[in-house]
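Presented below is the structure to which this report refers.
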Amino acid sequence: MTVPPKPTPLLEVEHLTMRFGGLIAVSEVSFTAMDREITAIIGPNGAGKTTVFNCLTGFYTPTVGRLTMHRKPPKTPLYLERLEAYRIAHKARVARTFQNIRLFSGMSVLENMIVAQHNKLMRASGFSLAGLFGLPVYRRAERAAVDLARYWLDRVNLIDVADWQAGNLPYGAQRRLEIARAMCTEPALLCLDEPAAGLNPRESAELSDLLTFIRDEHKIGVLLIEHDMSVVMTISDHVVVLEYGRKISDGTPAEVRVDPAVIRAYLGEEEEETPPEAVQRLAGGA
Amino acid sequence: MTAVAPGVRAHTLDIAAVLKESALAALVALLLAFPLVGLRTVDVLSRLTIEPHFAEVAVAVVLVFLGRLGMALTREGRPLPVLVASLVVAASAWFLPLPTMPLKLIAVAGGAIIALRAALALRSHHSTLSLAERERRMDRVGARFQDASRLIGPIAVIFAVALPFLPFADRAVVDIGILLLTYIMLGWGLNIVVGLAGLLDLGYVAFYAVGAYSYALLAQYFGFSFWLCLPLAGLLASLSGLLLGFPVLRLRGDYFAIVTLGFGEMIRIILINWYDFTGGPNGISGIPRPSFFGIADFVRNPEPGVLSFHELFGVEYSSIQRIIFLYYLILVLALFVNFFTLRIRKLPIGRAWEALREDDVACTALGINRTNIKLAAFSIAAMFGGFAGSFFATRQGFISPESFSFIESAIILAIVVLGGMGSQAGVVVATLLVIGLPEMFRELSQYRMLAFGIGMVLIMLWRPRGLLAHRDPTILLHKRKSAMQQQQESEDRA
Ligand SMILES: Nc1ncnc2c1ncn2[C@@H]1O[C@H](COP(=O)(O)OP(=O)(O)O)[C@@H](O)[C@H]1O
Ligand SMILES: [Mg+2]
């Protein structure tokens, strides 16, 4: 058996700061996400997790900071803070999902998956000319795109509803579709913003399986914002904890779980609940 | 209105609330009617003076109060007395002499509408259908129409092709056909921007104008023929679309709409003011008519060396030959736009347009360059507008900036929205309603804008997504289901 190669850094975040007027949403945050690892970002509501994602994916331009996306040699690293949002998805191959699901809800499930392969298909269709005349190049490319879509729909168990309107799917299915759609862009880094929110325990467990599958079989990095500790603590290789825009802890799930700063942050947030329960939830996930 | 006094019913009626609601509506009517109707400027001895019309304001307020009362009572489950009372009102308004004609019309039509509403409520035994139920029924109609349109489409095309040779088709009919097809073509063109890409373009007529003037000016200055100018006009319109698009397409939603509105007006004002080049408000006349593909002309006595159509085919000369030729020309152009759209909807760019309409943020996150995609939609639609424009110029033989006012943009937009954003069949149905009906009832044309406004309000109330809003997926993994089956399934799911 060959020893799997040691994970290399995929995304390096250095001194990331994001200011909105007087509000400092993210302050001096640095961490590294490894290739072929799941890196979780956790923290109370309003800690700045989504803001970090928005900076990474170009929806916000960071006030300060360097975001380096490493690529397979000989390709040179890309500095995400300098790229337009669509280029980050297209060139740096960073795909994301949204905390409040953003599907093309009037289009079918399959169409959502095909739109995700837009750039590839656009090239194959000769910027639509070859497509207009129905040349075989384009037909072949479209068939390949459908195959990729079929593969991921199969994975997330949506193959039977492929022709449904995406907006008609139940909530859990919409979450899965959004992940599958992101995977159709064939990303190097997949960023998921609270993918388990609103899922029942069985669906959460399936999600954990899907994410480990993506990491192990597709060998890409995953960046995961999540509140559900049963998901975070079981599948992540590395956890970053934010509070009030600052990083308060960083390490393996086992290390983070016993970090006094983290326990304090979580106790502070859930004062109304009985504190021991909250600690247990944090600790008992594994 | 004693007839609508509350009777003894199981269902209690909150008469105070109903009265309050009606009074509020009446108040709004008062505020609106006072400056609009009550104070009218009139020209007395070349001086503007204000003439009060307070009687009309009072009548308007009373009518609104009664109308609202009727609606509210119908909703509250008292349709029968409302039906009787509104019929009485409508009938008495019809026979009694009211001070002005519009007032009479409003009273009669208002009474009739409320009566209809009450009658519907009576028939279905519960006063109103829930909004969702009504929506579902309309969806079913839309789905059925969508299924039928697979049949209706080809039949309509065959009908359109045969039209000039049908027994009833005289010159007037073919002329109306040309008019309708022009608007259908414009509707299909604008549908790309508004219906597919979801960009609210309020200045589409600008590209129509660019096309028309391109042909007129190229013909005037260089003597280019129509067949050479047609592609050139499309190209120029498309270029102007690109030029406008570059700075504007970064704007979102309302801002975008307002800038396109401005652009439409800008083009018109340039056309008016650039007197030396465009002829200003006088426009351009003597625009050459199209030849039969450059082979023959449609004239009785051709100049020496020029073939004429009737000689070429050895038939009697008739002035309708050119009209029929124009009819087929616009039919081909319109069908070309239709097939182009149907085809591009299934290509990556077409899917990206629809995705953009659904959620532009998600598009960006998937690596789609929004600006390029929008530019493509904008310039392609502009090109079709340009084709239609040069057709318009050659058909009329005369153009002036007057033909390209904002109201044209509004009508084309109304056709697209009314038909159901993105629906090709919807554009045809809406054109028949918006352009065809007023053409048929020419005498009533002064009420055209009124009917137009009422129609749009009703659509927004009852069918905000347009008449035929059903959308078929552009690609399927499983067997195709009819629109009706899809509708049925989505209802079962809900
Ligand atoms: N566009 C914005 N403008 C102003 N404030 C913002 C913006 N986006 C986020 N914030 C603020 O930044 C802070 C962090 O928000 P967010 O990143 O959404 O937190 P989390 O995802 O961790 O719950 C919040 O106080 C939020 O109000
Ligand atoms: Mg968040």
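So residue A:119 clears everything in (1) within 16 Å of ligand 1 (Cβ to nearest atom); (2) in a helix (DSSP H, G or I) except one condition, right? Which one?
Tallying (1) within 16 Å of ligand 1 (Cβ to nearest atom); (2) in a helix (DSSP H, G or I), residue A:119 fails exactly one: (1).
Go through the residues of the range A:70-82 one by one and say whether even a single one is within 16 Å of ligand 1 (Cβ to nearest atom), in the same structural domain as residue A:214 (by TED's automatic domain parsing) and either free of Cβ contacts under 8 Å to residues at least 24 places away in the same chain or open to solvent by less than 30 Å² (accessible area, probe 1.4 Å) (or both).
Scanning the range A:70-82 turns up no residue that is within 16 Å of ligand 1 (Cβ to nearest atom), in the same structural domain as residue A:214 (by TED's automatic domain parsing) and either free of Cβ contacts under 8 Å to residues at least 24 places away in the same chain or open to solvent by less than 30 Å² (accessible area, probe 1.4 Å) (or both).
Determine, yes or no, whether residue B:268 is more than 26 Å from residue B:163 (Cβ to Cβ) and in contact with a helix residue (DSSP H, G or I) (Cβ under 6 Å, 6 or more places away or on another chain).
Considered against the rule, which asks whether it is more than 26 Å from residue B:163 (Cβ to Cβ) and in contact with a helix residue (DSSP H, G or I) (Cβ under 6 Å, 6 or more places away or on another chain), residue B:268 comes out as yes.
Given the conditions (1) without any contact (Cβ under 8 Å) to a residue 24 or more places away in the chain; (2) more than 21 Å from residue B:473 (Cβ to Cβ); (3) under 29 Å from the mean Cα position of the chain (by Cα), report the number of the one that residue A:92 does not fulfil.
(1)
Can you list residue pairs whose Cβ atoms sit under 7 Å apart, with the first residue in the range B:3-24 being assigned by TED's automatic domain parsing to the domain that holds residue B:85 and the second being among the basic types (Lys, Arg) and modelled with pLDDT of 85 or more? Count only pairs 6 or more apart in sequence or on different chains.
If the second residue must be among the basic types (Lys, Arg) and modelled with pLDDT of 85 or more, the pairs left are B:21/B:68; B:22/B:68.
Could you please find all residues in the range A:33-65 being within 14 Å of chain B (Cβ to nearest Cβ), open to solvent by less than 20 Å² (accessible area, probe 1.4 Å) and within 9 Å of ligand 2 (Cβ to nearest atom)?
Hit for the range A:33-65 is A:53, nothing else.
Any idea which residue in the range A:5-34 is farthest from ligand 1 (Cβ to nearest atom), counting only those that are at negative phi and free of Cβ contacts under 8 Å to residues at least 12 places away in the same chain?
The qualifying residue farthest from ligand 1 (Cβ to nearest atom) is A:5.
Run down B:47, B:75 and say which single residue is surrounded by fewer than 20 Cβ atoms within 10 Å (Cβ to Cβ) and over 32 Å from the mean Cα position of the chain (by Cα).
On inspection, the qualifying residue turns out to be B:47.
Within the range A:106-123, count every residue that is surrounded by fewer than 21 Cβ atoms within 10 Å (Cβ to Cβ) and more than 7 Å from chain B (Cβ to nearest Cβ).
2
Is it fair to say residue A:52 is among the aliphatic types (A, V, I, L, M), touching a Ser or Thr at 6+ places or on another chain (Cβ under 9 Å) and within 16 Å of ligand 1 (Cβ to nearest atom)?
Considered against the rule, which asks whether it is among the aliphatic types (A, V, I, L, M), touching a Ser or Thr at 6+ places or on another chain (Cβ under 9 Å) and within 16 Å of ligand 1 (Cβ to nearest atom), residue A:52 comes out as no.
From the list A:232, A:222, A:240, which one is closer than 22 Å to residue A:14 by Cβ, away from chain B (no Cβ under 14 Å) and within 16 Å of ligand 1 (Cβ to nearest atom)?
So the residue among A:232, A:222, A:240 that is closer than 22 Å to residue A:14 by Cβ, away from chain B (no Cβ under 14 Å) and within 16 Å of ligand 1 (Cβ to nearest atom) is A:240.
List the residue pairs whose Cβ atoms are under 9 Å apart, where the first residue sits in the range A:35-55 and is small (Gly, Ala, Ser), the second is within 9 Å of ligand 2 (Cβ to nearest atom) and in a strand (DSSP E or B), and the two are 6 or more positions apart or on different chains.
Correct list of pairs: A:40/A:225; A:43/A:225.
When you go through A:12, A:28 one by one, which is the residue that is within 14 Å of residue A:247 (Cα to Cα) and either within 16 Å of ligand 2 (Cβ to nearest atom) or not in a loop (DSSP other than H, G, I, E, B) (or both)?
A:28
Any chance you could count how many residues in the range A:191-216 are within 16 Å of ligand 1 (Cβ to nearest atom) and open to solvent by 40 Å² or more (accessible area, probe 1.4 Å)?
Number of matching residues: 1.
Taking into account only those residues within the range A:20-32 that are of a type outside the set (A, V, I, L, M) and surrounded by fewer than 15 Cβ atoms within 10 Å (Cβ to Cβ), which is nearest to residue A:217 (Cα to Cα)?
Only one residue tops the list, namely A:30.
Identify, by number, the condition in (1) in contact with a Leu (Cβ under 8 Å, 6 or more places away or on another chain); (2) within 29 Å of residue A:182 (Cβ to Cβ) that residue B:360 doesn't meet.
Evaluating residue B:360 over (1) in contact with a Leu (Cβ under 8 Å, 6 or more places away or on another chain); (2) within 29 Å of residue A:182 (Cβ to Cβ) leaves (1) as the failure.
Residue check, residue B:201 against (1) in a helix (DSSP H, G or I); (2) under 19 Å from the mean Cα position of the chain (by Cα); (3) among the acidic types (Asp, Glu), all met but one. Which one?
Condition not satisfied by residue B:201: (1).
I'd like the full set of residues that are in a helix (DSSP H, G or I) and either outside the structural domain of residue B:190 (by TED's automatic domain parsing) or open to solvent by 70 Å² or more (accessible area, probe 1.4 Å) (or both), limited to the range B:232-272.
Within the range B:232-272, B:235, B:236, B:239, B:243, B:246, B:247, B:254, B:255, B:258, B:266, B:269, B:270 meet the criteria.
Name every residue in the range B:339-373 that is open to solvent by 20 Å² or more (accessible area, probe 1.4 Å), under 23 Å from residue B:471 (Cβ atoms) and part of a helix (DSSP H, G or I), in order of residue number.
Passing the criteria: B:339, B:340, B:342, B:343, B:357, B:358, B:360, B:361, B:370.
For residues that are assigned to a helix (DSSP H, G or I) and surrounded by 14 or more Cβ atoms within 10 Å (Cβ to Cβ), scanning just the range A:124-136, find the one that is nearest to the other protein chains (Cβ to nearest Cβ).
A:131
Could we say that residue A:89 is in contact with a Ser or Thr (Cβ under 9 Å, 6 or more places away or on another chain) and open to solvent by less than 20 Å² (accessible area, probe 1.4 Å) here?
Taking the combined requirement at face value, the residue satisfies it.
Considering every residue within the range A:109-120, establish whether at least one is outside the structural domain of residue A:166 (by TED's automatic domain parsing) and either within 16 Å of ligand 2 (Cβ to nearest atom) or closer than 25 Å to residue B:360 by Cβ (or both).
no
If you check every pair at least six apart or on different chains, which have Cβ atoms under 8 Å apart with a residue in the range B:193-204 that is β-branched (Val, Ile, Thr) first and a residue that is part of a loop (DSSP other than H, G, I, E, B) second?
These pairs meet every condition: B:193/B:199; B:193/B:201; B:193/B:204; B:194/B:200; B:194/B:201; B:194/B:421.
What number of residues within the range B:301-335 are open to solvent by 40 Å² or more (accessible area, probe 1.4 Å), hydrophobic (A, V, I, L, M, F, W, C) and closer than 17 Å to residue B:179 by Cα?
Of the residues in that region, 2 qualify.
What number of residues in the range B:457-494 are open to solvent by 80 Å² or more (accessible area, probe 1.4 Å) and more than 13 Å from every other protein chain (Cβ to nearest Cβ)?
4
Would you check if there is a residue in the range B:334-356 being free of Cβ contacts under 8 Å to residues at least 60 places away in the same chain and more than 11 Å from chain A (Cβ to nearest Cβ)?
Yes, the range B:334-356 contains a residue that is free of Cβ contacts under 8 Å to residues at least 60 places away in the same chain and more than 11 Å from chain A (Cβ to nearest Cβ).
Using the structure shown, decide if residue B:381 is within 14 Å of another protein chain (Cβ to nearest Cβ), surrounded by 24 or more Cβ atoms within 10 Å (Cβ to Cβ), closer than 25 Å to residue B:351 by Cα and among the aliphatic types (A, V, I, L, M).
For residue B:381, the condition - within 14 Å of another protein chain (Cβ to nearest Cβ), surrounded by 24 or more Cβ atoms within 10 Å (Cβ to Cβ), closer than 25 Å to residue B:351 by Cα and among the aliphatic types (A, V, I, L, M) - is not met.
The values are calculated or read from the model by the stated rules, or taken from the named source; none is laboratory data. This one's a predicted model, so the numbers in the text were calculated from it and none came from an experiment. Methodologically, a virtual Cβ is constructed for each residue, glycine included, from the backbone with ideal geometry; neighbour enumeration extends over all protein chains shown. For the accessible areas, the whole protein counts, side chains as well, though only heavy atoms, and no ligand, DNA or RNA atoms are used. Shrake-Rupley method; radii C 1.70, N 1.55, O 1.52, S 1.80 Å.
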